[in-house]
Amino acid sequence: MKEGFRQSMAWLHTWSGLLVCWVLFLVFSAGTASYFREEISLWMKPELHAAAATPVAASQAVHNAMLMLEKEAPGAARWFINLPDERNQTLEVLWIGQVAKGEKGRGKIERAQLNPATGERLPEARETRGGDFIYRLHYDLHYMPALWGRWIIGFCAMFMLVAIVSGIITHKRIFKDFFTFRPKKGQRSWLDAHNAVAVLALPYHLMITYTGLVTLMFMLMPFGTQAAYKGDAKAFIAEAFPQGENRKAAGRPAPLTTLAPLLAQAEKHWDGGEIGRVTINHPGDANATIQIRRQQEKKLSHVRQTMQFDGVSGTLMSTAGDEVSAAIESRGVLFGLHVANFANPLLRTLFFLCGLAGCAMVATGALLWAVKKRQAYAKVLAKGGRIGFGLRLVDGLNIGAIAGLPIAFTSYFWANRLLPTGLSGRADAEISCFFIAWGLAAVLAQIRPDRRMWQWQLRIGGVLFALLPLLNCFTTDTHLGVTLLQGKGPFAVAGFDLFVLGLGLLMIHAAKWLRPDKRKSAEPAVEKKPKAGDRAAYPEAT
């Protein structure tokens with residue numbers, strides 16, 4: 001009975017992982033890259049690299065931003081000031097124009113990047129979604145309503161959680177197998193690799209999958225809040241995530257109070273906590289309000305503190321986030337664990353490496369199924385027969401996802417450097433390049449799902465990644481050579497170049513390993529059936 005239960009878990013592990021593994025590979029890849037979302041965005045906006053080398057105090061940055069807004073957007077409905085931090089040292093200001101009488105909706109959003117030290121407007125940065133596209137891709141997907149994408153991702157994440165739990169149950173000697181790797185043994189080698197990367201970061205895999213579901217909890221399981229608030233979602237959000245009083249404009253002009261005392265009061269209230277954003281509603285109106293939001297601290301919880309002041313008198317109106325309920329704090333901690341904004345560079349790198357292990361776990365699981373099925377077709381192939389439609393489809397999907405997705409990512413980065421900076425709709429054009437490249441790779445993989453296609457796509461992706469630092473050298477003044485030799489420019493740009501260079505060389509090596517003269521067949525040779533003792537760690541059903 002016990003063996004039967006483990007066998008059933010092995011079947012569940014196989015199919016719950018296989019059916020959604022290609023979407024999961026996209027989620028793990030994009031989510032892992034999102035740990036360096038700010039650094040990717042900086043690399044994709046070379047016009048801002050100079051400002052990244054001039055850090056400045058928050059008070060001076062706010063003063064410079066206010067001077068610019070008062071001059072260029074005096075009649076705006078709302079001002080936003082996003083202050084520099086250790087990962088993004090540019091000063092960003094945004095403003096929303098007034099809505100014309102009789103019209104609904106909100107006014108046009110405009111933004112500008114400033115040098116935080118001088119307040120001077122930086123050269124107009126090229127239009128790009130940068131790392132934000134990759135971040136949104138891992139839970140919203142693209143070319144569909146965000147709600148649809150989140151339901152799809154939530155469904156796949158549930159399958160992922162089932163696959164992890166059933167995989168743990170299936171393995172008798174899960175930790176012993178972690179130290180076992182038998183190279184060039186066909187199915188055994190893929191199984192050993194799958195076990196190793198899965199166990200290596202097992203706590204991370206469980207954490208990132210479960211917390212990912214928690215981030216979507218109000219969408220996936222809305223019944224509790226609907227029952228408690230009688231379907232009034234706005235009332236629930238106002239109570240669970242208070243944003244302060246939302247006043248309407250009075251229509252009477254009034255001077256805005258000085259911000260410096262309010263900033264000092266907020267920092268004192270937060271025991272020296274730094275300010276992340278300042279929002280001013282209805283500037284110049286008698287009902288103006290000022291909201292000061294604390295910068296993300298190095299703590300697990302994603303809940304941030306805010307203070308709201310009257311914009312004319314400077315009187316404190318409300319605070320939020322100082323004392324939150326256990327439920328809100330628990331969600332904030334789980335959400336914070338998922339996005340890892342609390343992490344210092346070293347810890348963020350560790351999260352990144354665990355994410356790469358997750359990518360390898362999904363990839364080796366998909367390949368393991370295909371290798372095992374191909375061995376079952378060994379006799380048919382020996383007699384000149386053909387493999388079944390299902391295996392051919394999975395082979396093509398494996399190539400298109402595992403080898404094709406890196407081509408899509410590097411095409412996105414190449415488009416950022418090669419498309420004209422003044423091109424209308426440039427950000428959408430970059431994203432189109434991503435999906436066009438991925439689509440071509442996926443279609444070619446289905447046409448010829450064999451080892452040669454693996455080799456071609458790995459080599460193409462590797463070459464494109466490896467040449468990115470060279471492309472950056474010819475298109476910007478803050479490239480890897482300048483940073484390493486002269487010590488100028490942001491280190492994040494050099495770090496990006498070094499990583500893509502290493503990844504490209506790794507992919508080229510993988511393509512070289514698949515050369516026909518070193519591998520006599522497209523798939524591993526059929527191996528003898530292992531002894532029962534050799535497979536005790538993993539049932540035959542796997």
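The values are calculated or read from the model by the stated rules, or taken from the named source; none is laboratory data. Owing to the predicted nature of the structure, the values given are computational and were not obtained by experimental measurement. Here Cβ is always computed from backbone atoms with ideal geometry, including for glycine, and neighbour counts include all displayed protein chains. Ligands, DNA and RNA are stripped out before the accessible areas are found, and what is left, the full protein with its side chains, is counted by its heavy atoms. Shrake-Rupley method; radii C 1.70, N 1.55, O 1.52, S 1.80 Å.
Taken over the range 232-278, the residue count meeting the criterion of being over 32 Å from the mean Cα position of the chain (by Cα), part of a loop (DSSP other than H, G, I, E, B) and surrounded by 14 or more Cβ atoms within 10 Å (Cβ to Cβ) is 5. Among the residues of the range 153-192, those that are over 20 Å from residue 12 (Cα atoms) and not basic (Lys, Arg) comprise 175, 177, 178, 179, 180, 181, 183, 186, 189. For residue 124, the conditions (1) surrounded by 19 or more Cβ atoms within 10 Å (Cβ to Cβ); (2) outside any strand (DSSP E or B) are fulfilled apart from (1). Scanning the range 419-445 for residues that are farther than 12 Å from residue 128 by Cα, in contact (Cβ under 8 Å) with a residue 24 or more places away in the chain and open to solvent by less than 60 Å² (accessible area, probe 1.4 Å) yields 434, 435, 437, 438, 441, 442, 445.
Close contacts from the range 388-402, counting a first residue that is touching a residue at least 40 places away in the same chain (Cβ under 8 Å) and a second that is of a type in the set (D, E, K, R), with Cβ to Cβ under 9 Å and a gap of 6+ residues or different chains, come to 392/386; 394/373; 395/374; 395/450; 396/448; 399/448; 399/450.
Do we have residue 184 as at pLDDT below 85 and basic (Lys, Arg) here? Yes: the conditions hold for residue 184.
Suppose we keep only residues that are in contact with an Asp or Glu (Cβ under 9 Å, 6 or more places away or on another chain) and part of a helix (DSSP H, G or I) within the range 149-172. Which one would you say is nearest to residue 199 (Cα to Cα)? Write out each step before concluding.
Step one: list which residues in the range 149-172 are in contact with an Asp or Glu (Cβ under 9 Å, 6 or more places away or on another chain), which gives 149-150, 153, 171.
Narrowing further to those that are part of a helix (DSSP H, G or I): 149-150, 153.
Values: 149: 29, 150: 28, 153: 23 Å.
Selected residue: 153.
Residues 363, 340, 370: which one is within 17 Å of residue 190 (Cβ to Cβ), of a type in the set (A, V, I, L, M, F, W, C) and at pLDDT 90 or above?
Values: 340 fails: within 17 Å of residue 190 (Cβ to Cβ); 370 fails: at pLDDT 90 or above.
Going through 363, 340, 370 in turn, just one is within 17 Å of residue 190 (Cβ to Cβ), of a type in the set (A, V, I, L, M, F, W, C) and at pLDDT 90 or above: 363.
Regarding residue 149, is this residue touching a residue at least 12 places away in the same chain (Cβ under 8 Å), of a type outside the set (D, E, K, R) and either in contact with a His (Cβ under 7 Å, 6 or more places away or on another chain) or at negative phi (or both)? Considered against the rule, which asks whether it is touching a residue at least 12 places away in the same chain (Cβ under 8 Å), of a type outside the set (D, E, K, R) and either in contact with a His (Cβ under 7 Å, 6 or more places away or on another chain) or at negative phi (or both), residue 149 comes out as no.
Does residue 490 count as modelled with pLDDT under 95, within 22 Å of residue 132 (Cβ to Cβ), surrounded by 14 or more Cβ atoms within 10 Å (Cβ to Cβ) and not polar (S, T, N, Q)? So residue 490 fits the description; yes.
Would you point out the residue of the range 451-475, among those that are charged (D, E, K, R) and surrounded by 15 or more Cβ atoms within 10 Å (Cβ to Cβ), that is farthest from residue 495 (Cα to Cα)?
Kept after step one, since they are charged (D, E, K, R), are these residues of the range 451-475: 451-452, 459.
If we keep only those that are surrounded by 15 or more Cβ atoms within 10 Å (Cβ to Cβ) as well, we get 451, 459.
On the way: 451: 33, 459: 22 Å.
Once the filter is applied, the top-ranked residue is 451.
Residue 220 meets the stated requirement of being farther than 23 Å from residue 369 by Cβ, surrounded by fewer than 17 Cβ atoms within 10 Å (Cβ to Cβ) and either touching a Gly at 6+ places or on another chain (Cβ under 9 Å) or among the β-branched types (Val, Ile, Thr) (or both).
Among the candidates 304, 348, 294, 331, single out the residue that is closer than 30 Å to residue 403 by Cβ and of a type in the set (D, E, K, R).
On the way: 304 fails: closer than 30 Å to residue 403 by Cβ; 294 fails: closer than 30 Å to residue 403 by Cβ; 331 fails: closer than 30 Å to residue 403 by Cβ.
Just one listed residue meets the conditions, 348.
So, in the range 296-311, exactly how many residues are at pLDDT 90 or above and touching a Leu at 6+ places or on another chain (Cβ under 7 Å)? Qualifying residue count, the range 296-311: 3.
Do we have any residue at all in the range 374-395 that's part of a loop (DSSP other than H, G, I, E, B), open to solvent by less than 40 Å² (accessible area, probe 1.4 Å) and either at pLDDT 90 or above or closer than 21 Å to residue 498 by Cβ (or both)? Working first, answer last.
First pass over the range 374-395, keeping only residues part of a loop (DSSP other than H, G, I, E, B): 377, 383-388.
Those left that are additionally open to solvent by less than 40 Å² (accessible area, probe 1.4 Å): 385, 388.
Retained after the next criterion (residues that are either at pLDDT 90 or above or closer than 21 Å to residue 498 by Cβ (or both)): none.
Scanning the range 374-395 turns up no residue that is part of a loop (DSSP other than H, G, I, E, B), open to solvent by less than 40 Å² (accessible area, probe 1.4 Å) and either at pLDDT 90 or above or closer than 21 Å to residue 498 by Cβ (or both).
Looking across the range 279-290 at every residue that is part of a loop (DSSP other than H, G, I, E, B) and among the aliphatic types (A, V, I, L, M), the one that is least open to solvent (accessible area, probe 1.4 Å) is identified as 288.
Search the range 162-213 for residues being in contact with a helix residue (DSSP H, G or I) (Cβ under 6 Å, 6 or more places away or on another chain), of a type in the set (Val, Ile, Thr) and open to solvent by 50 Å² or more (accessible area, probe 1.4 Å), and hand back the single one that is farthest from residue 339 (Cα to Cα). Looking at the filtered set, the residue picked out is 169.
Rundown of residues vs (1) in a helix (DSSP H, G or I); (2) crowded, with 20+ Cβ neighbours inside 10 Å, yes/no style:
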site	(1), (2)
40	yes, yes
56	no, no
74	no, no
84	no, yes
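Of the residues making up the range 4-23, none is open to solvent by 20 Å² or more (accessible area, probe 1.4 Å), assigned to a loop (DSSP other than H, G, I, E, B), farther than 22 Å from residue 154 by Cα and modelled with pLDDT under 90.
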